[in-house]
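Following: one structure in structure tokens, then a few remarks.
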Amino acid sequence: MAGLIPEQRRLESGPATDAQAPLDLVTVTADCAETPAAAVLEQVRAVLGPVIAAPDPWPSPDGWREILPRWFTDACSDDERVTTCVLDKWSLRAWVWWFQPSQRRWHWWDARVDGSQLRIRLVPTGAGSLLLGSLEFLLKVAGATRVDTP
């Protein structure tokens, strides 16, 4: 894992054993009644890994379609078909926009499986509200049946 930024390391394997957890961590809890919580976590890691790596230049939506797992991109709506603001699906364009380094308002700290729940702890960047809708969508597409955000 040499060369990975600290957030990538925490996403893949959790914080270092001697890492001091920030005091302002927030927890997102995902209920995983139909898909094992460990499997949901693996799916989330598969999608967030390339996004957190923050490629430069930032890929176009078509570029992301080539980078991200197909099960995720297939679950996103087509921008061309969006006709209302009430959506149960995110478009890939909107979803990746919120993960640009200049837009994301949180960083991954760690995650743990607790029975049928997945608990993800995030570090707020301090740049306003957390805006967790994109993470909530990912969790649901990965198999969570309910997501509670702060």
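The values are calculated or read from the model by the stated rules, or taken from the named source; none is laboratory data. It should be emphasised that the depicted structure is a prediction, and the values quoted were computed from it without experimental measurement. Note that each Cβ is placed from the backbone with ideal geometry, even for glycine, and that neighbours are counted across all protein chains shown.
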Restricted to the range 31-44 and to residues being crowded, with 16+ Cβ neighbours inside 10 Å and within 12 Å of the chain's Cα centre (by Cα), the residue nearest to S102 (Cα to Cα) is V44
Got at least one residue in the range 14-24 being touching a strand residue (DSSP E or B) at 6+ places or on another chain (Cβ under 6 Å), closer than 23 Å to D148 by Cβ and free of Cβ contacts under 8 Å to residues at least 60 places away in the same chain? no
Looking at the range 52-74, which of the residues that are aliphatic (A, V, I, L, M) and at pLDDT below 95 is farthest from P6 (Cα to Cα)? A54
The residue from V44, V40, V51, V28 that alone is farther than 26 Å from E66 by Cβ and of a type in the set (A, V, I, L, M, F, W, C) is V28
Please pick out the residue among V113, V96, V86, V123 that is within 19 Å of G14 (Cα to Cα) and at pLDDT below 95. V123
